[in-house]
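The structure under discussion appears below in the form of structure tokens.
All of the numbers you see were taken from the coordinates with simple rules; none came from a lab. This one's a predicted model, so the numbers in the text were calculated from it and none came from an experiment. Cβ placement follows ideal geometry from the backbone for every residue including glycine, while neighbour counts extend to all protein chains displayed.
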Amino acid sequence: MASDSSKKTLSRRQFLKVGAAAATTAATLPATVASATTKQSIHYAMVIDTRRCIGCHACSVACKTEFEVPLGESRSWVEYVEKGIFPNVRRSFLPRLCNHCDEPDCVDVCPTGATYKIASNGIVDITKDICIGCGYCIQACPYGARFLNPETGTADKCNFCLHRVSEGLVPSCVNTCQGRARIFGDINDPDSEISRVLATNAVSVLRPEMGTKPNVFYIDADHTDERDAERYNTYVRIDTHRRQKRRV
Amino acid sequence: MQELTWGWPIIIYLFLAGMGAGAYTVSASVLLRGGGGFGRKHFQLARYGALLAPIPIIIGTAFLILELGTFMYATEASMYFRWLNLFTTFEVLSPMSWGAWILGLGIIASVVYAYTFLKKEAAPGDEMSSLRRALAWVGVPLGIAIGVYTGVLLGAMPSRPFWNTSILPFLFLVSSLSTGAAGITILKAVFSSGDVEEKNAAMQTAKSAGERDLSDYLLNVSDLLLLGLEVLGIFLLILFAYMMYGDRVDAIAVIMPGGSLFSLFWWGVIVLGVLVPSVIELKYTVPTLLHGRAFIMPRNLELSLATFILLGGLMLRYVVVVAGQITGPVGI
Amino acid sequence: MINRRAFLKLGAISAATGLVTGSILSQARELPHQGGRGFSPTTGQRRRSVPSTCYQCVTRCPNIIYTENDRVVKVEGQPNSIRTEGVMCAKGQGAVNQVNDPDRVLYPMRRVGKRGEGKWKRVSWDEALDELAGRLKTLRDAGTPEKFMFQYGRMKASTSKLVKSVFLGTYGTGTIGNHTSICEGGKWTAHELTWGGHYDNWDFDNTRYVLNFGSNVFEAHTNHIPTSPRLVRAMAERGVKLVTFDVRLSNTAAKSDEWVPVKPGTDLAVILAMCNVVMREDLYEGPGEAFLKFVKVTRRHDATLEEKIVALKEHFAEYTPEWAEQQSGVPAVTIQRIAREFATTHPACLMTYRGAVAHYNGNEAERAAQTLAAITGNIDNPGGRCKAVGAGWSYPHGPKNKPKSRKLKIIDGPPGLAAVPTHHMSHYVMKMIKDGSWGRPDVYMTYKYTPIYANGEVAENVEILKDESLIPFYVNINPFYDESAALADLILPEPTFLERWDWEDMVSPVQIPEYYIRQPAVKPLGETRDFGDVVCDLAERMGMPLGFKSKEEFVRLSCEMTPDVKAVGGFEYMKKNGVYHVPGSKPLYYSYTKEIPAGKYVADGVIYDEDTGVYWNWKKAHHHSESEARAKGYAHTKKAFKAYVGQRIGDKVYQGFKPDALNKSGYFELYSNILEEKGHKPRPTWMAIPEHEKMGPNDLYMTTYKVGVQIHSRSANCKYLTEIYHDNPAWINPKDADKRGISDGDAIRVKSPIGEVETKARLTEAIRPGVIAISHHCGHWQYGRYASGNKSPSGVDTDPDTKRIWWQEEGRDGKGVHPNWIIANAPDPINGQQRWMDTVVQISKV
């Protein structure tokens, strides 16, 4: 597990693990980590084919209604990236949600264990009754995927519609996607649609340098940032379509 | 990221907890370092520190709890106590979990430590002495741990490039010690006000340096050293931001010219909180240090100085906490 | 780390949420898209599901409504629908907010203060309906039922039949206004002039190339979800090329392979030039040439193929690509290239919408589009532009002896202003009432229609509707307190579409009709009553019972009367399944080639019309004798199209392109004798837009548009939609902004000949220089808190989100601006369509 981590994460984790092992005498920890990863029977992930995304927000609203997400917060949203100089202008769409990372910083920093990665399927979820609402995970997520839910006072975010998935349904956003741009499934199953798509397309993840190893993959994502405007001497405008007008 | 998940309560918490921990460490160091003469002479200094320490730690921690979502948005009584979940587990990878336990221990230790000083007639060698010394031995590392932890808490996340630097815990530790010392100075200045004339006279007439009460001088010299280290820390923070890749430069830009926190940082933290106190302290300590002259600082100046240091410490927390949240990873 | 997680998984969460069980480990690996089931994320309980139908927009997609404890919590697509394949757009899912809006009208309200003052008295239904029935009965008894004017916005299918045909027909008023001319009526008229009926289905499933003039199908379309996902699929899976002409980079333009930023109002020039290329380069050969058999290109209907080709070549000769470049700013080579691509890729689909047709020359743009599709053989063929297919319901028609209806001539605009306004001129109704020359209604009733907000010239609309001397009694039927309801004398609360019955029939993208119904998922909130039930009640009170007591009964009877539906179990089947199509049905293409058997046209009353080649039944056309019919002729007999039997072409009689609103022949008419007689050019011809001809150097074109998460005027109360889209700064190209010293986000003043509005500037490269675009959804001043910040008179405080309307907070985005304040109500001279896109403005920094 550690061998393919990015250096930055590796060092911090290694440091903490060594420290922890010494301090808590949990000498078996590294071994447990390695075996648990390989044993994971289902590894849920999502591919978003932005070529098929038309920026319609059906996913955003599906999510809002599925969970009655309070105004001002979003578990799932769609960013617009507009760039170029007339008439050579492109607008592309970047649907965003929790990446259900293999190395989730939010899980690491949680002081109560409320945020955790479900060992049997890889979904990162939150146990509301344990969460104290400290906001640490919100700070730690490099994707702005988390928020403090004012109804519960606890951290909240996408959980791949665990309540649907466990009933054999796809997540609500996937179910309603107009362009069928979202593919959800088990990447441990080589015959699943998502495995086939991952194997046969050039994909990217968001902010790989964060070392989080996201499980939301994109096809043809436009990684342009507002700061690129100057670099390329062009026009760039990002619309987040959420309360946070700047991309997080 | 332009929206603050952590606002004033956290800023105040980081400041107060650091200050209390600093006061505990300073007090314990003074007590332990003294052995015979030194400790006896500066017992009063240690006492001020000991009595001060638990108050900001406890108040600061209360602020922390106030900003918990489960407290702010509590819909039932049990939610007000949800924070106790911090103590039902120990999360190895979570600095906050470490912090909760360290802070918990810190509160207990500092309260008991303060208790040993509580009696007016408390003095070296009294019946509390061994407990006091034991808690002082605990206090030095514990106070430092709290100071360091406040920096580690913020620094633990790659998602927050402004915070995600190894110098931050050091910076917060130094600031925690200097604000702790400043707190002691204020307490001392306020409660020993009646003795000022007498003390100054004694200072003037003392035949040798050894007979002088060096408490004030000691505090000021230490403080000067800490402020110097703070300057070093900030210098390295900025220097290395430019030596690292994109998002650090982008993050540090908020405190550099043109950045939204530029004025507050440079005028507030650096000039008011560090440079002005340093210059004044230099002016008063250098004669003593180099020429063995009596150290006499006007009380009002002493109070202002300490206040500047405290304000500087608070503004440092403010700038850091805010800067970390209004900046983030570059690109997507 | 995993150790800890594993521990937590076993311990804490299974205990805490009860959701994570062993089933996750053992479940099926390949998850289906299939919806149809829903579960509560908090309790894990299965949600009750009700198959019903959306009515956020006119597309009317079958949906599934989920409820928990008699509260609507979720809306999803209906997976068994052949139209939508289970997809539901953002708007459709936002329907949850319609039913749960805390600002709904909950009980009948009678005005007590001055009109528009906002003072209301809650009244009982009995009181309200007694008063209304009294007024209506008085009018009818006085022999002036036409003084009861009814005007509707959202009303289709069963509600339309019940209210319009049955109730209003039985009552006797023909003063029935719609809203079609502010929508797409112009496009429909152009269809009626060319291929008879209105509406075109774009067969994306089978097409190989798509050429789009002014449609934003990915964001808003009258058949949105049935078409948009299919176009995405065609592009992604079959590499179908999409070329979009639009003045603005809509999301459709953005996803197109090619965006051609055409000058506003010049789509017609480009299409004419494309016809020129096709004819000049003989690209019509093949399917186009074969189709010409069914096309009328000359005044005479019996021209030979050669004559038709010559006529077309001659007609389009002047519209060279070079000429079109002068008009449109689109390079001639681009026009030529795209014309060749379109003509040589078969089948290809030609899309058009309001970007092309809501102009002075919109009728001609649509006729030209029909021409281009026709001469390339892309009419009613798989992969082309097809004649719409929808479900044909039978329904009870109510009392047999209906009076001959009387009407005030105020719904078509002043005589002569538009040549053939087959879908009326709703945007002129207020002006006609003000004018008074053609009479005024005593009772004006609107049903889910907002004359104030939906039309141009808002200020004038307000002035007229407020004036009791012009409109003595105004009844507003509405689930929400909108800008027009605020000016009513009586508001009757309508349930939302999630609480009512209907059968539905919208166009099928696969050319196979789909039957579907709408049924209530929850009981109507408060005292709201389905207007279908209300008219049954009103009719009883006026002593003219309709033969059924409620909309539900009407729908039930319709299900039992409609053979296809009855065969599978009628009403009960539909309630259980929501949708039905006859299994194994073949898609309907080439319907015009159907031959009419001799028995049909050699029959009693059927005569042959020499001028048009049409067989028609003079008896059905209400002639007294055959000779009278022959003397008058098919073309000049009022509503003779209703007596159409078939079209003779060569030695055969075909169903042809059956007329639906005008006395056209059964040909696909590229030469319209009807227009010729009205003094217009018979063939699609270039028409310059007068306002655009005299623009000064500082003038800009103003255009309006729709976005994917709002529906015209009726969705700003949906909090989840408005949270995403609530502000509409004017799009302006930085080149235009620089000239005027305007920066991004600056407050600007937009001034048209009829007024000015203040808004913000959004500097974007995604719009053609010389054009500004302001969307049509925002700037509400009523419609509840989410839309406008104003609580309705019957608003409640049960929704905690009303405290979290962050975009209305100080220093945030605000609620935007409504562009209709500065858009004049002006018709297309041929079809009467409101010219949304022709406004000329000046802008300046505030």
Would you mind calculating the relative contact order of region A:42-239 from Cα pairs under 8 angstrom and at least 6 residues apart, reporting the percent as a whole number? 32
For residue C:258 and residue C:130 in the same chain, what is the full-extension length gain: residue separation times 0.36 nm, less their Cα-Cα distance, in nm? 40.1 nm
Tell me the Kirkwood radius of region C:778-823: reciprocal of the mean inverse pair distance over distinct alpha-carbon atoms, in Å. 11.6
For chain B, the Cα-Cα pair-distance distribution in 10 Å bins from 0, as whole percents, is 6, 25, 31, 23, 11, 3, 0
Calculated P(r) tail over 11 Å for region C:163-213, as whole % of Cα pairs: 78
Once Lys and Arg are counted +1 and Asp and Glu -1 for all other residues with Cβ under 12 Å from that of residue C:410, the total becomes +3
Taking 0.36 nm per residue of separation between residue C:540 and residue C:560 and subtracting their Cα-Cα distance, the length gained on full extension comes to 4.8 nm
Would you please give the FRET efficiency between residue B:105 and residue C:842, computed as 1/(1 + (r/R0)^6) with r the Cβ-Cβ distance and R0 = 60 Å, to the nearest 0.05? 0.25
Shape metrics for region B:45-133, restricted to C-alpha atoms - Rg then Dmax, Å: 16.7, 52
To one decimal place, what orientation-averaged projected area in nm² is obtained for the convex hull of the Cα set of region A:97-239? 10.6
Inverse of mean 1/r across different Cα pairs in region B:221-332, Kirkwood, Å: 15.4
How much space per residue, in cubic angstrom, does the convex hull of the C-alpha atoms of region B:283-327 take up? 75
Cα-projected label distance for residue C:459 with residue B:126, points at 7 Å along beta-carbon direction, nm: 8.5
Arranged by the count of other C-beta atoms within 10 angstrom, fewest first, what order do C:740, C:518 take? C:740, C:518
For the protein assembly as shown, give me the percentage of DSSP beta bridges that are antiparallel, rounded to the nearest 5 percent. 65
Using all alpha carbons of chain C, what is the percent of pairwise distances in each 20 Å bin, ordered from the shortest bin to the longest? 14, 47, 33, 5, 0
Of the residues B:258, B:268, B:106, which exhibits the maximal mean-square fluctuation in a Gaussian network model of chain B defined by a 10 Å Cα contact cut-off? B:258
Ranking of C:596, B:10 by count of other Cβ atoms within 10 Å, fewest first: C:596, B:10
Residues in region A:209-248 reached by a label modelled at residue B:245 [backbone nitrogen below 14 Å; 7 Å Cα→Cβ]: A:209-213
Can you list, bin by bin at 10 Å, the percent of alpha carbon pairs in region C:690-845, starting at 0? 11, 37, 32, 16, 4, 0
Mind jotting down the three principal axis lengths of region C:200-387 based on Cα atoms? Whole angstrom, largest first. 42, 35, 27
Within 10 Å of each residue's Cβ, count the other Cβ atoms and sort C:188, C:503, B:137 from fewest upward. B:137, C:188, C:503
Only Lys, Arg (+1) and Asp, Glu (-1) charged, at Cβ; region B:8-326 dipole about Cα centre in debye: 480
Straight-line reach from residue C:576: which aspartates and glutamates fall under 17 Å, measuring Cα to Cα and dropping same-chain residues less than 8 apart? C:76, C:499, C:502, C:504, C:514, C:552, C:553, C:560, C:564
Value at 222 nm in deg cm²/dmol, rounded to 500, when DSSP H runs of n ≥ 4 in chain C each add -39,500 (n - 2.57): -7500 deg cm²/dmol
Which of the listed residues, C:625, C:817, C:519, is farthest toward the dipole's positive end in chain C, when Lys, Arg count +1 and Asp, Glu count -1 at the beta-carbon? C:519
For region C:257-310, count all C-alpha to C-alpha pairs, find those more than 18 Å apart, and express that count as a whole percent of the total. 47
³J(HN,Hα) across region B:264-281 via Karplus (A = 6.51, B = -1.76, C = 1.60, θ = phi - 60°), whole Hz, x for Gly/Pro? 4, 5, 6, 7, x, 6, 7, 6, 5, x, 10, 5, 4, x, 4, 4, 5, 5
Over region B:8-326, how many pairs of lysines fall under 19 Å by alpha carbon, counting only those 8 or more apart in sequence or from different chains? 9
Along the positive direction of the dipole of region B:8-326 (beta-carbon charges: Lys, Arg +1; Asp, Glu -1; about the Cα centre), which of B:69, B:155, B:276 reaches farthest? B:276
Quick one: Cα centre-to-centre distance for region C:644-664 and region B:100-169, in angstrom? 96
Tell me, what is the percent relative contact order of region C:591-677, built from C-alpha pairs under 8 Å that lie six or more residues apart? 28
What dipole magnitude, in Debye to the nearest 20, does the protein assembly as shown give about its Cα centre under +1 on Lys/Arg Cβ and -1 on Asp/Glu Cβ? 1200
What does the average come to when, for each residue of peptide A:104-110, you count the partner chain Cβ atoms lying within 10 Å of its Cβ? 6
Across the residues of C:724-730, average count of Cβ atoms on other protein chains within 10 Å? 2
Region C:155-311 - Debye-derived log10 I(q)/I(0), Cα point model, q = 0.13, 0.14, 0.17 Å⁻¹: -0.87, -0.97, -1.20
Check: in region A:42-239 the Lys pairs 8 or more apart or on separate chains whose Cα atoms fall under 28 Å apart number 11
For residue C:407, list the aspartates and glutamates whose Cα falls under 14 Å from its own Cα; do not include residues on the same chain fewer than 8 positions away. C:146, C:442
Taking region C:591-677, the equivalent ellipsoid from its C-alpha gyration tensor has semi-axes in Å, biggest first, of 18, 17, 10
Hey, with R₀ at 60 Å, roughly what FRET efficiency would residue B:279 and residue A:68 work out to, going by the Cβ-Cβ distance, to 0.05? 0.55
What is region C:319-408 by shape, rounded, prolate or oblate, if you read a ≥ b ≥ c off the alpha carbon gyration tensor as root eigenvalues and call it rounded for a/c under 1.5, prolate for a/b larger than b/c, and oblate otherwise? oblate
Suppose we keep just the alpha-carbon trace of the protein assembly as shown; what are its Rg and Dmax in angstrom? 38.1, 143
With eigenvalues of the C-alpha gyration tensor scaled by 5 and rooted, region C:534-652, Å: 39, 25, 10
